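Nothing in this text is a laboratory measurement; each read-out follows from the coordinates by a stated rule. The shown structure was predicted, so the numbers you read here are calculated from the model rather than taken from an experiment. Cβ sites come from the backbone with ideal geometry, for glycine too, and all protein chains shown count toward neighbours.
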Amino acid sequence: MTGNTNRHMAAAGPFSESEIAAVYRTIYSRRDVRNEFLPDPVSEQTLLRLLNAAHAAPSVGYMQPWNFMIIRDEANRRAVHQIFDDANNEAAERLHGEQKRNYMALKLQGILKAPVNICVTCDRKRGGGFVLGRTHNPDMDLYSTVCAVQNFWLAARAEGIGVGWVSIFDHQRLKEHLGIPESVEIIAYLCVGHVSELFTSPELAVKGWRDKIPLERLIYSERWPEASHVLDFYREIECRKTKNPAS
């Protein structure tokens, strides 16, 4: 390991106001896309930028456990879609009555509509037998790979590219179909493509499947479940919004 790291340091002040606004806009307007994909191809240059953003994610012990399998072939996507369809029908059998009807009415994937699919995996053996920071939490590699997915998703939103995360699969069957080694875990199956419009709020909230949980119910201070003083400021802001919706 090198001793002097000062020459690798750079100033780390805040971004400009417009840059800060762009970051928050990206976060708040990100959506899980299912049915809004356009047929336009995603260029190799754009895809490479998004993958570079994903590869810049933090990882435990700098393990970088991710791989990205790009899937464009229609026959391959149709086979993956069948694996989804079988799992989705199994999931529906756990529900009854109106809840089952509501579930079946939801479109939960864009495997065939999106021109690009990406299977994001985690190689749990990468880094060898000792990975710094993983000794007491062996799942940190999985969490690291999820950070890569989020990086990809936010960069895609900034580029006008939609992303949908499909999770309803028999993972063992999907691994066998894609030839993924047993020691490698599938973390995310992403549908990727251009979009011209997105829901203003998360689709499941818009369609009444589940409401957003108020932030004030999720913040504690020092010990579970002690309320945080941050909530006083939060309630003040929410009160102002109620009195002046335009603010």
Filtered GluC sites (Glu not before Pro), the stretch 1-107: DSSP coil and at most 16 other beta carbons within 10 Å
E93
Taking a ≥ b ≥ c as the square roots of the Cα gyration tensor eigenvalues, with a/c under 1.5 meaning rounded and otherwise prolate when a/b beats b/c or oblate if not, the chain comes out rounded
By its C-alpha gyration tensor, with a ≥ b ≥ c as the square roots of the eigenvalues, how is the stretch 51-157 shaped: rounded for a/c under 1.5, else prolate for a/b larger than b/c, else oblate?
prolate
I need the trypsin sites (Lys or Arg not before Pro) found in the stretch 61-100, filtered to DSSP loop residues with at most 16 other beta carbons within 10 Å of theirs.
R72, R94
Using just the helices of the chain, give the 222 nm mean residue ellipticity in deg cm²/dmol: DSSP H runs with n ≥ 4 each add -39,500 (n - 2.57), and the total is spread over all residues, rounded to 500.
-12500 deg cm²/dmol
Straight-line reach check, K125, cutoff 16 Å on alpha carbons, 8 or more apart in-chain or any other chain, hits among aspartates and glutamates -> D139, D141, E182, E185
For each of T200, T145, T46, T121, count neighbouring Cβ atoms within 10 Å of the residue's Cβ, then give the residues from fewest to most.
T200, T46, T121, T145
